[in-house]
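Q: Okay, here's the structure, questions in a sec.
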Amino acid sequence: MLDDDLKDVPDSGRSPIRARRRTVLGMAGTAVAGATIYGVTDQLAGGAQADAAVIPTELTGGVEVLTSGADSPQVSQLTPFKDPLRIPPTLSPSGKDVTDIKLVAKHVRLHSQLPPTPMWTFEGHFPGPTIETRSQQRIRIAWTNQLAGTSPVKAVWAGPPGTTPTDPINAPGSAGTIARPEIDALTAWTTIHLHGAHQFAIHDGMADGGITPGYSQLTEYLNDNAATHLFYHDHAMPITGINVFAGLIGNYIIRDSREDALKLPRGKYEIPLMLSDVNFETDSRGRLTGELLNKRLLLGPYTKGVLPVAAHFVGPYTMVNGVVWPYLDVDARAYRFRLVNGAVGRDFALTLIDDATGKPVVGAMKVIGTDLGLLGTPKVVDGPLTLSPAERVDLVIDFAALAGKRLRLVNTFPGTAPGTPVPDGPPGTEMPFPNVMQFRVEKGKSAPYALPSKLASNFKQLTAAELPKNITERFVALVFDGSGMPTLMELEEVPAGTPSGKGIVQIALPTGKRTFRSIANYFEDTTSYFTSSGNWEKWTFINIDPLGRIITHPMHIHLMDFQLLERRSIDGSAFDLKLFGTSKPITVKDSLPIKAGESGWKDTVAVPVNTMVTIAGQYGRQTGRFMYHCHILDHEDGGMMRPLVIMPSSVSAVQNVTMAAMGKPHSTATITAAPAAMGDMAGMDMSNMDMGN
């Protein structure tokens with residue numbers, strides 16, 4: 001049971017939100033105060049638990065758009081830059097009570113040429129309200145599932161190969177596809193995860209800990225991160241992709257005094273930008289109905305009632321803050337944009353284009369932060385700004401020298417538009433429209449913005465040389481299994497003379513050849529990774545495919561703040577798909593650059609095909625059963641996720657003895673000292689740590 005005394009928690013300075021609706025759960029008694037409870041009904045009657053109020057939401061600010069438009073299908077194609085950007089309202093919990101956030105069904109207009117779209121939302125907004133709080137301010141949220149009926153998403157399989165319709169896979173409409181009745185009948189089962197935060201596992205949104213309508217998931221967020229941009233979303237396995245696609249996602253911003261002192265663009269000059277892609281159903285005349293369509297391409301034979309091998313969802317239309325191809329009127333001055341890739345599986349490589357010349361605008365975009373906080377110094381974006389699903393970038397764009405211009409943000413990721421097909425990809429899988437959004441810069445003169453030359457005063461770049469020699473080391477291969485589905489291989493080192501065979505992976509690392517065996521692949525396999533809270537670890541992810549299929553796996557580790565140490569190319573031909581192992585050692589080749597948008601503290605790392613990425617980082621002080629997984633949500637739902645158990649160090653010692661006695665495959669780690677580069681961070685309580693600022 002967690003301490004309910006909040007008197008030492010700093011106040012945000014905002015007035016507490018006051019109750020306006022009936023009690024759904026009493027929080028006065030210590031028997032329930034501060035605990036996460038799954039399955040607390042919204043219909044409690046009488047008793048001590050019905051005395052104190054759960055605080056309802058009170059939203060401020062935001063710019064809601066598209067209140068008018070088409071009421072019925074009108075067009076077969078949408079006009080770019082017709083509608084203004086939606087800015088979600090802000091919710092600032094007081095930290096003194098429990099704030100109730102309702103999950104409700106709502107019709108949302110995603111483009112003025114579309115009829116309103118049925119969606120599942122937080123408080124009727126898509127994206128959900130931007131939750132804003134202060135570092136070290138503990139808050140409690142009741143995520144109340146008030147969703148009724150079945151999912152608003154229409155899901156279909158396109159294919160199988162050789163029988164696909166003439167339209168490309170990401171064209172609108174479900175003509176010629178195979179229905180998915182299991183999704184048609186899907187009711188609301190939800191569990192909300194605050195991505196990138198430090199919380200105990202019971203508050204983390206456990207993938208198999210969902211609740212049904214009429215009940216609340218109570219969570220406590222400690223907010224012991226430095227100032228940063230997180231986001232919240234549904235995490236219910238095996239339907240995370242469908243639930244997030246339906247609308248269950250929103251921004252979460254933590255602030256602190258160090259960031260405040262920098263006087264970065266704020267107020268109307270600081271805007272969250274949530275990127276995602278979407279597809280829509282069509283009527284008998286080919287007109288867009290606005291109904292969400294999740295269409296995935298079959299890559300193998302289809303058998304009714306069996307999950308087939310299929311590509312993850314990608315859609316033809318890009319949304320920003322829930323509007324297809326919006327525009328934003330901006331002053332000729334600097335803006336701060338908090339970008340997050342909220343797509344199910346779409347990668348973005350963002351380039352700013354001058355509409356008049358069609359050429360990239362050079363030097364206007366500067367990265368000031370990554371997933372988990374500010375960098376030490378700003379970095380100019382000298383090429384496309386890449387974002388895989390779940391990655392965030394804190395970006396400043398100075399429009400001072402661009403007065404009167406119209407600028408387009410476009411997606412230049414390979415396979416985005418016709419003419420840039422995915423190598424070896426199925427026909428039509430490219431994204432037909434590269435547009436993301438448009439900036440309309442007002443006329444007038446303004447002095448260039450003097451961005452602080454020093455951002456996070458205590459930011460330190462990790463290097464491999466500074467890591468302790470006894471640091472816990474883990475290797476995870478990202479491969480295709482015998483059925484053709486992407487999966488994980490948790491690897492355990494074995495003697496060098498171990499012969500090739502099923503599950504055996506040999507890697508010729510720069511430091512010498514090492515041999516591993518696979519000890520787990522799927523979510524349901526025996527848990528094998530155990531560690532201690534506050535531990536430092538070094539992980540290596542290897543995305544291996546002898547066929548070179550262009551898939552970047554964004555790997556997310558819950559409760560770990562990390563930095564990239566290196567990225568290298570590899571020779572993927574050494575992996576034998578039939579053997580499910582290597583026929584010869586995998587050769588590690590050239591070093592690849594770490595880009596500006598991934599050079600700081602992170603919780604998600606992009607691992608492109610036939611590359612090896614090594615990271616190092618530290619777990620939070622919290623404990624419990626967490627997860628790590630691919631953040632392509634269709635991959636996660638298909639089993640590309642594994643448990644990770646974090647214990648106090650004294651409990652880890654007992655676990656070591658217990659697992660050894662049982663002869664179970666496992667990897668248990670005790671506390672590893674912080675790298676010398678982190679200086680005074682060694683041995684500190686994570687609640688006071690400032691990982692990024």
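The values are calculated or read from the model by the stated rules, or taken from the named source; none is laboratory data. All of these numbers come straight from a predicted model, not from anything done at the bench. Heads up, the Cβs are rebuilt from the backbone with ideal geometry, glycines too, and the neighbour counts pull from every protein chain shown.
Q: Residues to consider are Pro93, Pro84, Pro116; find the one that is over 21 Å from the mean Cα position of the chain (by Cα) and under 26 Å from Ser284 (Cα atoms).
A: On inspection, the qualifying residue turns out to be Pro116.
Q: When you check Gly290 against the structure, is it assigned to a loop (DSSP other than H, G, I, E, B), outside the structural domain of Pro116 (by TED's automatic domain parsing) and either in contact with a Leu (Cβ under 9 Å, 6 or more places away or on another chain) or not aliphatic (A, V, I, L, M) (or both), yes or no?
A: So Gly290 fails the test.
Q: Among the residues of region 200-214 satisfying the criterion of being at pLDDT 95 or above and of a type in the set (A, V, I, L, M), which is farthest from Leu559 (Cα to Cα)?
A: Only one residue tops the list, namely Ile211.
For (1) more than 29 Å from Phe562 (Cβ to Cβ); (2) not assigned by TED's automatic domain parsing to the domain that holds Val244, each residue gets a yes or a no:
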site	(1), (2)
Phe126	yes, no
Arg134	no, no
Ser174	yes, yes
Ala179	yes, yes
Gly210	no, no
Thr219	no, no
His229	no, no
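Q: Given the structure, is Glu524 of a type in the set (D, E, K, R), part of a strand (DSSP E or B) and at pLDDT 90 or above?
A: no
Q: Moving on. Pick from region 212-232 the residues that are surrounded by fewer than 24 Cβ atoms within 10 Å (Cβ to Cβ) and of a type outside the set (A, V, I, L, M, F, W, C): which of them is farthest from the chain's Cα centre (by Cα)?
A: Within region 212-232, the match that is farthest from the chain's Cα centre (by Cα) is Gly214.
Q: Filter region 261-287 down to the residues that are touching a strand residue (DSSP E or B) at 6+ places or on another chain (Cβ under 7 Å), in a loop (DSSP other than H, G, I, E, B) and not aliphatic (A, V, I, L, M) and list them by number.
A: Scanning region 261-287 gives Pro265, Asn279, Asp283.
Q: Please verify whether region 173-181 includes one or more residues that are at pLDDT below 95, under 16 Å from Val278 (Cα atoms) and surrounded by 14 or more Cβ atoms within 10 Å (Cβ to Cβ).
A: yes
Q: Still on this structure, please answer the following. Specify the residue that is surrounded by the most Cβ atoms within 10 Å (Cβ to Cβ); the eligible residues are those in region 308-353 that are assigned to a strand (DSSP E or B), in contact with a Lys or Arg (Cβ under 6 Å, 6 or more places away or on another chain) and not hydrophobic (A, V, I, L, M, F, W, C).
A: The extreme case among them is Tyr327.
Q: Could you check, for region 667-687, whether at least one of its residues is modelled with pLDDT of 80 or more, surrounded by fewer than 21 Cβ atoms within 10 Å (Cβ to Cβ) and farther than 23 Å from Phe575 by Cβ?
A: no
Q: Out of Phe523, Phe562, Phe541, which single residue is under 13 Å from Met489 (Cβ atoms) and surrounded by 20 or more Cβ atoms within 10 Å (Cβ to Cβ)?
A: Phe541
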